[in-house]
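Bear in mind these aren't lab numbers, they're just calculated from the coordinates by the rules spelled out. Quick caveat: nothing in here was measured; it's all calculated off a predicted structure. Positions of Cβ are backbone-derived with ideal geometry, glycine not excepted, and every protein chain shown enters the neighbour counts.
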Amino acid sequence: MSGWDHGGKTRQQRGYGRDHDRMRVHLMRTVILCEECRRKSPPRVTAGQVADHIVPLAKGGTGDRSNYQLLCRDCAAEKDAKDRGKPIKRKPTIGLDGWPVE
Ligand SMILES: [Zn+2]
């Protein structure tokens, strides 16, 4: 993984330094499950893998514990796309009759 080459900025400068790695380990030990999946209805039980900034650093979020949540990869990718203002691509759900469900 070449996480050090992002437009000349190091991970540290972007707020993803050693503290971020430590926070991820802490969240995986204490929170364990994806928080977004647990908020869904019905709740899903998914192992969290990504330490996510609730308010993105680019939008003034901090590296405090209160601005972190633990997400699974799917939820993190979804939130990331939302934070960047990109439309979320969803796989259409196919109904029993073989047609996509709205
Ligand atoms: Zn999730």
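Numerical summary
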quantity: Two-site FRET efficiency, A81 against R39, from Cβ-Cβ distance with R₀ of 22 Å, rounded to 0.05; calculated: 0.80
quantity: FRET efficiency, A58 to V101 (Cβ-Cβ, R0 41 Å, nearest 0.05); calculated: 0.70
quantity: Net dipole in debye of the stretch 9-82 [+1 Lys, Arg Cβ; -1 Asp, Glu Cβ; about Cα centre; nearest 20]; calculated: 80
